[in-house]
Amino acid sequence: MDKIKEAFAKKALPMAKEVKQFVKEHGDHVLGSYTVAQVYQGMKGMVGMVTETSKLDPEEGIRFRGYSIPELRTKLPRGPGGENLPEGIFYLLLTGDLPTEETAREVSNQWARRSHVPKHVFDMLDMLPRHTHPMTQFSMAITAMQTESVFASAYRKGMHKKDHWEPMYEDVMNLVARLPRVAAYIYRKNYKDNNHIEPDPKLDWGANFSHMLGFDHEEMKSFMRLYLTIHVDHEGGNVSAHTTHLVGSALSDAYLSLAAGMNGLAGPLHGLAAQEVARWILELRDQYKGVPTRDQVAEHIQKTLSEGKVIPGYGHAVLRKTDPRYIAQQEFAKKHLANDELFKIVQLLYEVTPEILKATGKVKNPWPNVDAHSGILLMHYGLVEYDFYTVLFGTSRAIGVLTSLLWDRALGVPIERPGSVTTEWMKNLVSNSTPVA
Ligand code: HAX
């Protein structure tokens, strides 16, 4: 058994027993109550699942295994240029322990060894029409790689359910290792005349991804490490995480579950917002031929709202403050590209947008989320094809949702099956009960 798998087993297997016992002793404990509005409006605020890897606080933002983003900046191993290695956060999410530099290197080496993508995946991608959205291609490629699922093949042969986590571990490691190669293939096929770049096994996961995309600038590699680290996980209820968990609860393997999660990430209210922000900011710049004034920014925002559209990159279903993932990118931009025209527009939006959204009287969180910033940083380094941005997000998000899925298998989480009701059922319930004051 490899060292990383061993470290996971050492944590997860005793925890599986502990959770079983906990549910036996406290299963009848009442967690809370919820309202008709919550059921109709996306189950916000209802606790409905357990996710071990991270927890989102509305005011403070995300904590990965208890650590905030600023805390992790000093605690996780770093690559050249000073940004954290995504390998480190993978290990933290997987085991709950901070990795040493040697452990992060071990994850890097494992992923380099496991990164082979079967030819039929590329053949399938080559057959798609050029205008197929990169996220559709990404999801299809992940599904096509399901031929390699160790879990699916072990399940077919027959295995005890207490052993499900073992082949799932192999799938998770292999899949994360393969994603940058697949993502880079889609990018180079679509935008760089099918001129592909071989991986460099000496590079860490993030730097190698940047290299395969065609960006060998050290600062871009640094940003890629930061980007891939901060997008990994956002507790269990967001669309990509919840979908991966839900599909996985039917014992669908990691490939099928992740592809489903990626289809959710591809929605404009979730991960596709990264692309929408970039498009919207370029529109704003082009309309006013450069950095607009505050009044022009306000005008553009009002116009978007009056057309019944959302301001991409602003708002959140849980957060009620500026996203710390936004701040991490803002700090990077201040350090490396303070004079960039698009960064100036992003800063201006930060000053103008929240007041306008507050004034609508309905937006619960007027502050920017992670997607409000990423695009202009990528553009600065030459990755200008914004339709591709959500694929980068997905490559990172895979780390969080797949480590969670592995925990689901180790803890023996059963199939998910919440109840649903009709409006008629709701009306009967309401007319037969006294409303709570
Ligand atoms: N612009 C305009 N209106 C907005 C808004 C925004 N940025 N954010 C919320 N609203 C509106 C909602 O559309 C809703 O309007 P109606 O009552 O007319 O339907 C109202 O304000 C209340 O919504 P909410 O409770 O504040 O927000 P939700 O929890 O329903 O939705 C969203 C959260 C993130 C989907 C929402 O804020 C939004 O659409 N933002 C823009 C898209 C975006 O940036 N998405 C990325 C979010 C982060 C993420 O997942 N990244 O991957």
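Among residues other than Glu71 whose Cβ falls under 13 Å from its Cβ, what is the net charge (Lys/Arg +1, Asp/Glu -1)?
Numbers: positive: Arg63, Arg65, Arg73, Lys75; negative: Glu60.
Result for the local shell: +3.
Springs between alpha-carbon pairs under 10 angstrom, Gaussian network model over the chain: which of Lys362, Lys75, Lys44 fluctuates most?
Checking each option, the largest mean-square fluctuation is seen for Lys362.
Could you give the spread of the C-alpha atoms of the stretch 271-326 along their three principal axes, from largest to smallest, in whole angstroms?
If we take the Cα atoms of the stretch 271-326, the spans are 34, 22, 21 Å.
Below 13 angstrom from the Cβ of Leu342, what's the summed charge of the other residues (Lys, Arg +1; Asp, Glu -1)?
Once all neighbours under 13 Å are counted, the net charge is -1.
From the phi of every residue in the stretch 386-393, what ³J(HN,Hα) in whole Hz does the Karplus formula 6.51 cos²θ - 1.76 cosθ + 1.60 yield, where θ is phi - 60° and glycine or proline is x?
5, 4, 8, 4, 5, 5, 5, 4
Could you give the nm distance between label points at Thr132 and Lys335, where each point is 7 Å from its Cα heading toward the beta carbon?
Reported label-point gap for Thr132 and Lys335 is 3.9 nm.
Can you compute the charge dipole magnitude of the chain about its Cα centre, using +1 on each Lys and Arg Cβ and -1 on each Asp and Glu Cβ, nothing else charged? Give it in debye, rounded to the nearest 20.
Working: 50 positive and 51 negative charges, 111 e Å.
In debye, rounded to 20, the chain gives about 540.
Given R₀ = 60 Å, FRET efficiency for Glu18-Gln302 by Cβ-Cβ distance, to 0.05? Provide the component values of the computation, followed by the final result.
On the way: r = 54 Å, r/R0 = 0.90.
With R0 = 60 Å, the Cβ-Cβ based efficiency is 0.65.
Treating the Cα atoms of the stretch 230-295 as identical point scatterers in vacuum, please give the log10 of the normalised Debye intensity I(q)/I(0) at q = 0.17, 0.19 Å⁻¹, two decimals.
With one equal scatterer per Cα and no solvent, log10 I(q)/I(0) is -0.66, -0.74.
Per residue, how big is the convex hull around the C-alpha atoms of the stretch 1-66? Give it to me in cubic angstrom, could you?
Values: hull volume 9.0 nm³, N = 66.
Spelled out: Cα convex hull of the stretch 1-66, divided by residues, is 137 Å³.
Just rank Tyr191, Tyr40, Tyr185, Tyr389, fewest to most, by other beta-carbon atoms within 10 angstrom.
Details: Tyr191 17, Tyr40 10, Tyr185 23, Tyr389 27.
If I rank by nearby Cβ atoms, fewest first, I get Tyr40, Tyr191, Tyr185, Tyr389.
Select from Gln38, Ala104, Leu337 the residue farthest towards the positive end of the dipole of the chain; place +1 on Cβ of Lys and Arg, -1 on Cβ of Asp and Glu, and compute about the Cα centre.
It is Gln38.
Pop the C-beta distance of Thr35 and Glu71 into the FRET formula with R0 = 35 Å and round what comes out to the nearest 0.05.
Working: r = 35 Å, r/R0 = 1.00.
Efficiency for this residue pair is about 0.50.
Which residue fluctuates most in the GNM of the chain (Cα springs below 10 Å): Gly61, Gly81, Gly261?
Gly81
Quick one, can you get me the convex hull of the C-alpha atoms of the stretch 303-437 expressed as volume per residue in Å³?
Details: hull volume 29.7 nm³, N = 135.
Each residue corresponds to 220 Å³ of Cα convex hull volume.
Quick check: convex hull of the Cα atoms in the stretch 146-273, volume per residue, rounded to a whole Å³? Display every interim value, and only then the final one.
Working: hull volume 16.8 nm³, N = 128.
Hull volume over Cα atoms, normalised by residue count, gives 131 Å³.
Between the stretch 125-184 and the stretch 1-76, what is the separation of their alpha carbon centroids in Å?
25 Å
Using the crude model of +1 on Lys and Arg Cβ and -1 on Asp and Glu Cβ, and no other charge, please compute the dipole size for the stretch 343-417 relative to its Cα centre, in debye to 20.
Numbers: 7 positive and 7 negative charges, 54 e Å.
Dipole about the Cα centre, nearest 20: 260 debye.
Going down the table (Lys55/Lys309; Lys75/Lys289; Lys221/Lys358; Lys75/Lys309; Lys221/Lys344), which pairs top 32 Å between alpha carbons?
Numbers: Lys55/Lys309 30 Å; Lys75/Lys289 43 Å; Lys221/Lys358 37 Å; Lys75/Lys309 40 Å; Lys221/Lys344 22 Å.
Among Lys55/Lys309; Lys75/Lys289; Lys221/Lys358; Lys75/Lys309; Lys221/Lys344, the Cα-Cα distance tops 32 Å for Lys75/Lys289; Lys221/Lys358; Lys75/Lys309.
Give the dimensionless ratio obtained when the Cα radius of gyration of the chain is divided by 2.2 N^0.38 Å. Write out the running numbers ahead of the final one.
Working: Rg = 22.1 Å, N = 437, 2.2 N^0.38 = 22.2 Å.
Relative to the 2.2 N^0.38 Å estimate, the chain comes out at 1.00.
Residue farthest toward the positive end of the dipole of the chain, with Cβ of Lys/Arg at +1 and Asp/Glu at -1: which of Phe215, Pro129, Tyr91?
Sorting the options by dipole projection puts first Tyr91.
Could you point to the residue in Pro292, Ala328, Thr304 farthest towards the positive end of the stretch 273-337's charge dipole, with +1 and -1 charges on the Cβ of Lys/Arg and Asp/Glu respectively?
Selected residue: Ala328.
Kirkwood Rh over Cα pairs of the stretch 327-372 into Stokes-Einstein at 37 °C, 0.692 mPa s: D in µm²/s? Walk me through the numbers on the way to the answer.
Numbers: Rh = 11.5 Å.
The calculation lands on 284 µm²/s.
What list of ³J(HN,Hα) couplings, whole Hz, do you get for the stretch 126-143 from phi and the Karplus terms 6.51, -1.76, 1.60, once you set θ to phi - 60° and write x for glycine and proline?
4, 7, 6, x, 4, 7, 4, 4, x, 5, 5, 5, 4, 4, 5, 5, 5, 5
Residue separation times 0.36 nm, minus the C-alpha to C-alpha distance between Lys119 and Val50: what's the value? Show your work: numbers first, answer last.
On the way: separation 69, 0.36 × 69 = 24.84 nm, distance 3.74 nm.
That works out to 21.1 nm of additional length.
So how much slack lies between Lys202 and Arg78, counting 0.36 nm per residue of separation and subtracting their Cα-Cα distance, in nm?
On the way: separation 124, 0.36 × 124 = 44.64 nm, distance 1.58 nm.
Between Lys202 and Arg78, full extension yields 43.1 nm more.
Taking square-rooted eigenvalues a ≥ b ≥ c of the alpha carbon gyration tensor, is the stretch 45-88 rounded, prolate or oblate, where a/c under 1.5 means rounded and, failing that, a/b exceeding b/c means prolate? Present the calculation step by step, with values, prior to reporting the outcome.
Working: a/c = 3.79, a/b = 2.23, b/c = 1.70.
Since a/c reaches 1.5 and a/b is larger than b/c, the shape of the stretch 45-88 is classed as prolate.
Only Cα pairs within less than 10 Å get springs; with that Gaussian network setup on the chain, which residue of Val247, Val318, Val36 has the largest fluctuation?
For the chain, modelled as a Gaussian network with Cα springs under 10 Å, the answer is Val36.
Give me Ser431, Ser210 ranked fewest to most by other Cβ atoms within 10 Å of their Cβ, as a rough exposure proxy.
Values: Ser431 7, Ser210 27.
Ascending number of Cβ neighbours within 10 Å: Ser431, Ser210.
Want the number for Arg285 to Glu59: 0.36 nm per residue separation, take away the alpha-carbon distance, what's left? It would help to have the intermediate numbers written out before the result.
Values: separation 226, 0.36 × 226 = 81.36 nm, distance 3.16 nm.
Additional length available on full extension: 78.2 nm.
Bear in mind that the values in this text are calculations on the coordinates, not laboratory data. Since this is a predicted model, take the numbers as computed values, not measurements. Note that we place each Cβ from the backbone using ideal geometry, even for glycine, and neighbour counts take in every protein chain shown.
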